[in-house]
Amino acid sequence: MRGRNLIPALFAALAFAWPLAASATMAEIESDVVEATLDNGLTVLVLEDRRAPVVANMVWYRVGSADEHSGITGISHMLEHMMFRGSEQYEPGEFSRIVSRLGGRENAFTGRDYTGYFQVIGRDHWETVMAMEAERMRHLRLQEDEFQPERDVVAEERRLRVEDQPNSLLREQFMATAFLNHPYGQPVVGWMTDIQAYTVEDNQVWYDRFYHPNNAVVVVVGDVDAERVIAAAREHFGEIPAGDLPELKPRTETPQRGERRITVEAPAELPYLMMGWKAPVLNTLDDPADAYALLVAAGVLDSGEASRFAREIVRGEELAGATSARYSPFSRLDDLFLIAAVPTAATDVETLEAALLDQVERLKDEPVGAGELERVQARVIASEIYQRDSVRSQAFQLGMLETVGVGWQEGDRFVERVRAVTPEDVQRVAREYLVSERRTVGVLDPQPLDGADAPDPAAQPYGDGMGDL
């Protein structure tokens, strides 16, 4: 991630239909998104939104930390940085200067399943930045004198965002404990020893292996004409040849055979508790019902002041100062159903853990009441639909869903899927997946701060350190 602009995974509604250009292969049009596939395999998604004279232009590559192996962890993120350090046509930093001169904003992000680049710019300049993205897709220049300083920047980013943040440090080691041979166990930013050993050749190999049009998705959302966007994508990207993509091995996690626990000692003001249960996602389920039931189950536990954690653990028993429950069905591989909490000064971690687990057991023992379920469903839906006013959020939703393999059409089905969840569904998935043999527990044991400023105890409770925050 360059800079501080972090993009959450948002699932907004879609708007405005448009016919597809005759020069591209037409795909089925649901909602109002126009989809085309160029002859070289590039996927193009366009959504017209004329409410403001602004356009979000994004290029997504289907490569992230889940594609890496020991010794080069974090290389996707390192290459993200190097994409701004010069190409055949643009000198180092010139790409960003042009976007700024045109009045736009730009950044990039790396996640476990993808790497993305985006610009938000006035409607008169979207084709300029599209052409620039096409140029660096094909003609990136990796130079030693640019590489060494940028590698130092990445190492410092890791120090600031992980090693100096006790909650992030716990989360990193928690994930490495939860997953043995599954790639989500390694950090998006990479291990420090791997970062320090990167070479320009490592980056070149990664670029040559994955940065091809048949491994990319272009998303344009905003005040545009869809037919013109498809034609422009064909003009600027169409001559880039498809690449030979590597065959990806199925990195299936070894079955867990009992609860795992880890304690991390680090300077901090307060303890921190994390619990996670291995859970399937849309990509690994035959029926999507379980994924959406788990999403709603997380909402029952923690989705605002009326949720069970807030009502009973934070305000009722006053055992925690902050709580969270999180599950996302949108990833390439199986993931975790996560709970986190910060105990109050008068509460020990063991007491807090028992209280949280009591709430999980309650999901199994009794169906959620109809009124409570409706409130949670409404809140889950509202939190997603609220984001529709941002062209960047809409573009992120489309690109994320398409890149992880779910398909952008899942955004259209989100509301229907959430509303279809029943109390019996929530009870069933809690009984099946939220069991002790699938559970990993992580505890931050705070050590003396030695006069240093206390880190924010709520900082980045779930962040990978990169774009998946």
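Data table
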| item | result |
| --- | --- |
| Over the stretch 93-170, equivalent-ellipsoid semi-axes from the Cα gyration tensor in Å | 28, 17, 12 |
| Label-to-label distance, nm, for residues given as D124 and L102 (7 Å Cα→Cβ offset) | 1.3 |
| The chain: calculated mean residue ellipticity at 222 nm from DSSP helix runs of at least 4, using -39500 (n - 2.57) | -11000 deg cm²/dmol |
| Entry for Kirkwood radius over Cα pairs in Å (calculated from the structure that is shown) out of (i) 23.8; (ii) 29.1; (iii) 23.2 | (iii) |
| In degrees, nearest ten, helix 423-433 long axis to first principal axis of the chain (Cα) | 90 |
| Footprinting exposure proxy for D32, D208, D244 (fewest neighbouring C-beta atoms within 10 Å first) | D244, D208, D32 |
| Contact order relative to length of the chain, as percent, for alpha carbon pairs under 8 angstrom and 6 or more apart | 25 |
| Burial order of peptide ranges 85-92, 245-252 (average beta-carbon count within 10 Å, highest first) | 85-92, 245-252 |
| Surrounding net charge for R51, when Lys and Arg each add one and Asp and Glu each subtract one, Cβ distance under 9 Å | -2 |
| Highest-first arrangement of 363-369, 234-240, 344-350, 78-84, where packing means the average Cβ count within 10 Å | 78-84, 234-240, 363-369, 344-350 |
| Pairwise label distance in nanometres, R431 with Q143, each label 7 Å out on the Cα-Cβ vector | 6.5 |
| P(r) of the stretch 260-447 over all Cα-Cα pairs, binned every 10 Å from zero, in whole percent | 9, 34, 34, 19, 3 |
| Peptides ranked, highest mean first, by Cβ atoms within 10 Å: ranges 167-173, 423-429, 351-357 | 167-173, 423-429, 351-357 |
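Where a number appears in this text, it was derived from the coordinates with a stated rule and is not lab data. All of these numbers come straight from a predicted model, not from anything done at the bench. All Cβ positions, glycine included, derive from the backbone under ideal geometry; neighbour counts span all protein chains shown.
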